[in-house]
Each structure stands twice: as structure tokens, then as C-alpha cells.
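Notes for the one structure printed next.
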């Protein structure tokens with residue numbers, strides 16, 4: 001009975017350890033990708049600075065009004081973990097109007113020289129304009145407000161390399177949300193692991209002296225505690 | 001703005017901040033408090049630490065990105081942070097490549113492995 005308990009605890013410990021190792025491996029993989037993307041981004045920024053001038057692309061050029069274009073949503077998972085995912089609220093709009101509209105927003109021909117005598121027509125045009133305004137306003141707002149693309153802080157005709165930098169940093173942001181999720185999963189697995197390690201130890205202690213192996217385990221455990229006195233409080237704090 | 005997600009904060013050198021701001025993480029809120037800190041040569045450690053703590057205290061921040069060499073300066077504050085939100089991510093910087101052995105999360109993970117535990 002007792003032995004099977006220990007075996008069970010060992011099996012679950014093994015399973016958790018394997019999962020933990022897998023997570024660490026995945027983290028390392030993602031970290032490597034993140035690092036290379038960031039490097040690429042810096043390289044592109046430097047290239048842009050080279051072509052624009054030494055003092056360009058600096059913190060002094062940040063806009064006075066900065067609106068976030070990307071958000072992270074955090075969600076609690078069943079196993080107490082937290083999942084982060086990025087969200088770009090107005091990405092769809094940006095992609096749909098990727099070609100910038102330059103020129104008057106109103107469609108059609110504008111009459112600049114209105115005939116003064118035609119009062120009726122004037123009235124009609126007034127009505128039309130009053131009807132039109134509520135329609136136009138939201139369009140205008142959505143065009144002015146769209147939190148300005150940060151690229152524009154650094155000029156209107158920015159070099160291609162700055163755009164490349166932007167795209168690599170966008171990828172970095174997405175990846176960093178994944179890494180944050182993974183880091184949280186790792187710290188959870190670590191806690192689970194230390195808990196099951198404790199469970200195994202108590203199970204082994206319960207088996208106790210009748211088993212030679214248990215004896216050995218207990219004995220070595222005690223000596224370990226004496227040897228590495230500093231180790232125990234760290235584990236406790238985990 | 002109740003339904004919107006959380007922000008990503010950045011503490012880093014100029015190029016790191018510029019890059020992430022280009023990516024669209026930056027925000028200046030109503031009190032004109034930014035969610036980023038550009039660390040220059042003359043930025044004091046106290047200032048960095050205070051900013052980091054203020055980011056931890058803000059509930060609209062989900063992830064804090066920090067250059068690893070800056071994280072090294074305020075390691076005690078980072079080690080003391082145990083909550084999962086905001087998540088703290090250490091990233092490399094131009095002069096200092098990423099070193100996994102310095103990362104708080106990985107150090108914690110490494111700390112629990114001693115050979116005797118798994119006999």
C-alpha cells in the first residue's frame with residue numbers, strides 16, 4: 001500500500017518534471033526567436049538613422065500625445081495559470097484603408113461660387129449640409145483620431161528600414177505575450193513540482209523503517225538537510 | 001475604456017523604447033504619465049526602481065518589458081515581485097546580450113534542482 005503510494009507519487013513527479021522540461025525548452029526556443037527579432041529591429045533602426053541623419057529617430061521625436069495601439073488581454077486558465085494575448089483594436093481599419101486618402105474628404109464637386117439670388121436653392125443646400133454633417137463627422141473622427149501611426153513621428157517619408165523595424169517590433173510584442181504566458185506556466189509547474197516532491201517525501205517517510213530502501217531515503221534525507229542547510233529555506237520560499 | 005485590455009510597459013535604453021513605441025505600445029495617460037522609461041546614462045537607479053514599482057502598482061499594465069542590464073540594477077525589486085500580473089520580461093539590449101542565467105524566472109527554476117532531490 002505504502003510502496004504503491006510512493007510509486008504513484010514518483011510517477012506524477014516524473015510526469016510533471018517532463019512537462020516542466022518541455023516548457024523550459026519551448027521558452028528557450030521562443031527566447032532565441034525574440035532575441036533575433038529584437039536584434040533585427042535595432043539593426044533596422046540604425047539603418048534608418050544612418051539614412052536620415054545622426055540625430056534622427058530619437059526619444060526627442062516622440063509625439064506629445066501617445067495612444068496605445070496594442071493591448072494585452074490576460075485570461076485565467078483552469079490550472080491557475082494566466083494566458084496573455086495581444087490585441088490590436090484598429091488593425092482591421094488600418095488594413096482596409098491602407099492607401100492613404102489625400103485631398104478633400106467630401107465626395108463630389110464643391111460649389112464655391114454660390115449664386116446669391118437663388119434663396120430656395122440655398123435653403124435646400126443648408127438642409128442637405130445639416131443632414132450631411134452627422135454622417136460626415138464620424139468619418140472625420142475616425143480619420144483624425146486613428147491614433148497616429150508612430151512612424152509619422154519621425155517624418156512623413158520615412159525610410160523603408162524604419163518600417164521594417166516597426167514590423168519586427170510588432171512581432172516581438174506578440175512573441176513577448178507568448179513568453180509571458182510561458183513564464184507563468186513555468187512558475188506554476190515549478191510550484192506543482194515542489195509540492196509533489198514534498199508529497200513523495202512524506203509518502204516515503206510513511207513507508208518508513210520496514211523497508212530498507214525507505215530507511216536509506218530517510219537517512220540520506222537527514223544528512224542532506226544537515227549538509228545543505230541553506231537549501232531548505234529556498235525551497236520553502238518556492 | 002472599461003473593456004480594453006492592459007498595456008505593455010517598457011523600461012529600456014533609447015533604441016529599445018523607440019522600437020517598442022514604433023510597435024504601438026506607448027501611452028501617455030490623462031495625467032501625462034507615460035508607460036515607458038527611457039534610461040539614459042544619467043538616469044539614477046532610484047528613478048528606475050520607482051518607475052518599476054509604479055508600473056507594478058498600476059492595474060492597467062499587463063506586461064513589463066525591461067532590458068536585462070537595467071533589471072540587474074534593480075534585481076532585488078524584480079525578485080520580490082511574485083505575482084503573475086504584471087508579468088516581467090527581461091529582454092536583451094544592444095550592448096548586453098541576453099543571459100538566461102541572470103533571468104529571475106530561470107534562476108528560480110534552476111534553484112529548485114539539486115541532484116539529491118531526484119535520487
In the set A:57, A:6, A:72, which member is touching a helix residue (DSSP H, G or I) at 6+ places or on another chain (Cβ under 6 Å) and within 30 Å of residue A:198 (Cβ to Cβ)?
-> A:6
Check off (1) crowded, with 22+ Cβ neighbours inside 10 Å; (2) within 16 Å of the chain's Cα centre (by Cα) for residue B:37 and give me the number that stays unchecked.
-> (1)
If you go through the stretch A:44-66 one residue at a time, how many are free of Cβ contacts under 8 Å to residues at least 24 places away in the same chain and in a helix (DSSP H, G or I)?
-> 5
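Of these, B:35, B:31, which one is farther than 26 Å from residue A:28 by Cβ and at pLDDT below 90?
Numbers: B:35 fails: at pLDDT below 90.
Result: B:31 is the single residue among B:35, B:31 that is farther than 26 Å from residue A:28 by Cβ and at pLDDT below 90.
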Got a number for residues in the stretch A:183-199 being more than 28 Å from the chain's Cα centre (by Cα) and within 10 Å of chain B (Cβ to nearest Cβ)?
-> 2
What are the residues in the stretch B:81-96 that are under 17 Å from residue A:186 (Cα atoms) and more than 11 Å from chain A (Cβ to nearest Cβ), if any?
-> B:81
Could you tell me which of the residues A:57, A:82 is under 21 Å from the mean Cα position of the chain (by Cα) and facing another protein chain (nearest Cβ under 8 Å)?
-> A:82
Got a sec? Which of B:51, B:18 is surrounded by 16 or more Cβ atoms within 10 Å (Cβ to Cβ) and out of contact with any strand residue (DSSP E or B) (no Cβ under 8 Å at 6 or more places or on another chain)?
-> B:18
Report, by residue number, each residue of the stretch A:67-93 that is under 26 Å from residue B:28 (Cα atoms) and in contact (Cβ under 8 Å) with a residue 40 or more places away in the chain.
-> A:67, A:68, A:69, A:70, A:72, A:83, A:84, A:85, A:86, A:90, A:93
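The values are calculated or read from the model by the stated rules, or taken from the named source; none is laboratory data. Predicted model, so just to flag it, every value in this text is computed and none were measured. All Cβ positions, glycine included, derive from the backbone under ideal geometry; neighbour counts span all protein chains shown.
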